[in-house]
Structure formats: structure tokens, C-alpha cells
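Input: a single structure, listed below in C-alpha cells.
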Amino acid sequence: MSIEIIKSKCVGCGLCIPVCVYDAIKLIDKIAVIDLDKCTLCGACVEACNFDAIILTKEEKKDKDISDYSGILVVGEFRHGEVHHVTYELVSKARKLAGKLDDVNVSCLIMGTDMPEDSLEKIITAGADKVIKIDNPELKFFNDEVFSKLVTEVLINEKPEIVLTGATSEGRALIPLVAVSLRTGLTADCTGLDIDPEKKLLLQTRPAFGGNIMATIICPNHRPQIATVRPKVMKIILDSNRKGEIIEKKDIKVSRKLTEILETVKDESTHVNVADADIVVSGGRGVGGPKNFELIEKLADLLKAAVGASRAAVDSDWITYSHQVGQTGKTVAPKLYIACGISGAVQHQVGMRSSDFIIAINKDSSAPIFDIADIGIVGDLFEVIPELIKLIEKN
Ligand SMILES: Cc1cc2nc3c(=O)[nH]c(=O)nc-3n(C[C@H](O)[C@H](O)[C@H](O)COP(=O)(O)OP(=O)(O)OC[C@H]3O[C@@H](n4cnc5c(N)ncnc54)[C@H](O)[C@@H]3O)c2cc1C
């Protein structure tokens, strides 16, 4: 693609300047001039121009040479003074995938300020051969514009065939900008990743069509193949014998920001953090009403657990959305997950099936939740839970 200003049509109105988020357009002698080093050919200026003075030309599609891309790069996340656990999860997964790609290199890019060395070394323990760190006071707060430019620059230099990042608020803001800049595909919220044994392509599995099917998506013609995965979907595997290197990138320039973040404040409005709990007791439509959730809460309190819920319970206004587990709620991976009166629809399962141990209580013996439960109790939850509570209180 190429972009051109038709000088005879440009009236120098300047409408194209504010719409260019890349600061690529200037008026010189009352004519718009595009800095092609900054321009990403996004076309925003073409739409803004009322005089058809900007032309974006699509050239004939040529097959891209993807042969010199190799290895897997995880775009890590450093937040509130620590490396986010999704970084370790994805590096561990990348290590496994690398094994299926003739042991290619796994690297991890991490950006922030005052990043402690031991948490970077843990990235190596989780499976990285190389940690690329960009430690700069300008990177104290996340800024999608600045971070996406840095990631893009590193990816252009490193040329990994696969890029993984967390489907966190930061990852979701950053990686689409990177994918667009690199003109490649992106599969968001993957629940499974694998390698095609013959074609060596990344198989990116995620729920599709409202969660009714699981689709496996490939990106055969463009590089890198980019996927995001929610926290707690993949497991962290640490190997203290692993060796790797930490490389600091000092030569990279942090670009000018259009927005300045002065402070970030933690949201203390919700006490539940179902995503981080070691034990989750969840209730579904089978709980039957908001008052009955007290039984779920009692069991959760005794076990020092967080309370989770299915979407049916949340949609019925029995409990707030912050408790919802599943495709459109939180992904959890506790040591113990107790599903009470939950049928186990695929959209619920994608949010909890990585739990270490699952107990399901349901009066319908054919409920799908029993397919993934380690212990299935076929019975009425209003009889089973009080018995469990009695047993726990006795001990
Ligand atoms: C795009 C999309 C996204 C979605 N996202 C989510 C999501 O994030 N999370 C989610 O949970 N769902 C989600 N859903 C909804 C999902 O498809 C199911 O409808 C929902 O999970 C069902 O909730 P449930 O299991 O509580 O209810 P039901 O499917 O109605 O199951 C209730 C279960 O309770 C049992 N039961 C009833 N009474 C008792 C009793 N006294 N004792 C024991 N068992 C009893 C029944 O046998 C039944 O199995 C989504 C759906 C779509 C289309």
C-alpha cells in the first residue's frame, strides 16, 4: 500500500492533522505533507479529508517472505512493582511449544521501571532463553501508544514466528496496535495453543459463535502469529536449573506521548478477587435465588474461599458480575473449585477447567460438569452443602 497527497486538491485545511495518531502529518506552505517513516497507512486521514486530496493505494498482494522468522516471544507485563503471573504462564507454555518447533528460542520482552532482577530471573526459570528488558522511568505507567511502538520495534528486530501476550487490560489495549502495525493476524482469548506437527503453524483455539463451538485458527501467510491468552489459563512450570540471559535494551527510544498518566489508583470497590483465590465455591441457577447464596457464602467462609457464580446466577441478579466465572466473566484456576447447582456449559467450563481439583454438586447425573469433575456428588445442594458444613465445623 502507498499513500499520496494530491497537491492540486489539498486546500491546507489541516483536518487530517489531528486524526493522525502517529503525528505523521504537517502543513508545509499550506499543503499537507506525510512523514512516511511515521505513517502506518491506517487511512484515518483519507477519511477525514473532505477534498479527496489523500489517496491510499492498495498494491497487488504479494506473498510475504516469512522464512526468516523464528522462535517465540512473550510480551510480558510488569505492573505495581512485579511481573504479572500471566508472563510466567505464557513463557512456560512457550517453552512447551518451542519443543514442538525443534527447540527454537523462547524470549520475553518486559518493559517498566525499576524491575527487580529476581523477578526477571524467574522468567528464565519459567522457560525463557532470553529476557529483553527495557527499564526506563518513562515506562512507569502503562501507555498503549508508547508500549505498542516499543513492542513493534523489538518484534521487527527479533522476528519471532510466534508472539504471545496476556489477555489482560494492558495486553488487550496494546497488542491489536502491534498486529496492525506489523500487518499480521491476532487471535484473542485463546484457551488452547498447540503446534501443527506437519506445517509447524501455531494452532490457536478459542470459543467462537457465542461459545457454541471451539474454533482452531491459523495464520499461515503472515508473521508473527500473535495470540493472547487470559491469566490462569496456562500453568506455570518452573525449572531452577534453566539458564538464560537478561539483555537490557538501552538504545531504544521511548517515543513522545499524546497522553500523560500522572497516577494510577487501585480499585478497592470490590472485595472479591475470585481470579486470585486458592479455593472458589461457585453457585449457579440451581441455587434458586439470592437468599440461598448465603449457603454458598457460608461454605466459602469456612474454607476461606472466594464466591464464584455462573452467568445464569449473575443474569438473575442473585450476585454481582464481579463473581462471574466463564467466557464473559473471570478465568480462575484455584487449587479447589466447588461447583454447586451449575450444569457446566462450555462457556462456564472455559473459565474454570484449569482448576487443580473440581468438585461438582448437581442433582442431574448427566450434567456436563461431571465430565470434568474430579469428584461428582449427585444430589440436592440444599442437603449436600449443609452436610459438608457440618463436617468442616466438626473438624
Ligand atoms: C456468549 C456467551 C457467553 C457466556 N458466558 C458465560 C460465562 O462467562 N459464565 C457462565 O457461567 N455462563 C456463560 N454463558 C451461559 C452459559 O451458556 C450457561 O447458560 C450458564 O453457564 C448456565 O448457568 P447454570 O449452570 O448456573 O444454569 P443451568 O444450565 O440452568 O444449570 C443449573 C444446574 O443446576 C442443577 N440444579 C438445580 N437445582 C439443584 C439443586 N437443588 N441441587 C443441585 N443441583 C441443582 C440442574 O440440574 C442444572 O444442571 C454464556 C453464554 C453465551 C452465549
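For Lys363, the lysines whose Cα falls under 26 Å of its own Cα, not counting residues fewer than eight places away in the same chain, are Lys291, Lys298, Lys304, Lys330, Lys335, Lys390, Lys394. Counting only Cα atoms, the size of segment 79-132 along its three principal axes is 35, 17, 15 Å, in decreasing order. If R0 equals 51 Å, the separation of the Cβ atoms of Val11 and Thr328 corresponds to a calculated FRET efficiency of about 0.60.
Could you work out how much longer the chain between Asp278 and Val21 gets when fully extended? Use 0.36 nm per residue separation minus the Cα distance between them, nm to one decimal.
Here the answer is 88.2 nm.
For the chain, the mean residue ellipticity at 222 nm estimated from helices alone is -7000 deg cm²/dmol, where every DSSP H run of n ≥ 4 contributes -39500 (n - 2.57) and the total is divided by all residues, rounded to the nearest 500. Taken about its Cα centre, segment 2-57 carries a charge dipole of roughly 140 debye when the Cβ of each Lys and Arg holds +1 and the Cβ of each Asp and Glu holds -1. Taking GluC sites (Glu not before Pro) as candidate sites, keep only those in a DSSP loop with at most 10 other Cβ atoms within 10 Å, then name the longest stretch of the chain containing none of them. With a cap of 10 other Cβ atoms within 10 Å, the longest stretch comes to 61-197. Dimensions of segment 50-178 based on its C-alpha atoms, expressed as ranges along the principal axes with the largest first, amount to 56, 37, 22 Å. What the phi angles of segment 283-292 give under the Karplus curve with 6.51, -1.76 and 1.60, with θ = phi - 60°, is a coupling list of x, x, 4, x, 5, x, x, x, 5, 5 Hz, glycine and proline written as x. Which order do Ile28, Ile279 fall in if you start with the one that has the fewest other Cβ atoms within 10 Å? Neighbour counts put them in this order, fewest first: Ile28, Ile279. Taking the chain as a whole, the Cys residues whose C-beta sits 4.7 Å or farther from every other Cys C-beta are Cys10, Cys13, Cys20, Cys39, Cys42, Cys49, Cys108, Cys190, Cys219, Cys340. Whole-Hz Karplus values for segment 169-179 come out as 4, 6, x, 5, 7, 8, 6, x, 5, 5, 4 Hz, taken residue by residue from phi with 6.51 cos²θ - 1.76 cosθ + 1.60 and θ = phi - 60°; glycine and proline positions read x. Computed over segment 30-119, the alpha-carbon pair-distance distribution with 5 angstrom bins reads 3, 10, 14, 11, 9, 10, 12, 12, 10, 6, 2, 0, each value a whole percent.
Take the Cβ atoms of Ile392 and Thr264, set R0 to 30 Å, and the FRET efficiency comes out at 0.15.
Over 20 Å between C-alpha atoms is what I'm after, so list which of Lys96/Lys235; Lys133/Lys253; Lys140/Lys266; Lys122/Lys257 land there.
Violating the 20 Å Cα-Cα cut-off are Lys122/Lys257.
Which shape class applies to segment 1-65: rounded if a/c is under 1.5, otherwise prolate when a/b exceeds b/c and oblate if not, where a ≥ b ≥ c are the square roots of the Cα gyration tensor eigenvalues?
prolate
Here is the tail figure for segment 327-385: Cα pairs spaced more than 18 Å apart come to 27 percent of all pairs. Values of log10 I(q)/I(0) for the chain across q = 0.06, 0.07, 0.11, 0.13 Å⁻¹ run -0.31, -0.42, -0.91, -1.12, by the Debye formula with one identical scatterer at each alpha carbon and no solvent. Write down the Kirkwood hydrodynamic radius of segment 236-395, to one decimal in angstroms, obtained as one divided by the mean of 1/r over all alpha carbon pairs. Value: 17.6 Å, from the Cα pair sum. Here Lys7 is the anchor, and the lysines within straight C-alpha reach of less than 21 Å, apart from those fewer than 8 places off in the same chain, are Lys26, Lys30, Lys38, Lys58.
Extending 7 Å from the Cα toward the beta-carbon at both Lys250 and Asp371 defines two label points whose distance is 5.6 nm.
When Asp129, Asp68 are sorted by how many other C-beta atoms sit within 10 angstrom of their C-beta, beginning with the fewest, the order is Asp68, Asp129. Note on Ser316, Ser310: ascending count of other Cβ atoms within 10 Å places them as Ser316, Ser310, the fewest first.
Every number here is computed from the coordinates shown, using simple stated rules; none is lab data. The structure presented is a predicted model; accordingly, all values stated were derived computationally and were not measured. With ideal geometry, Cβ positions are generated from the backbone for all residues, glycine too; neighbour counts draw on all protein chains shown.
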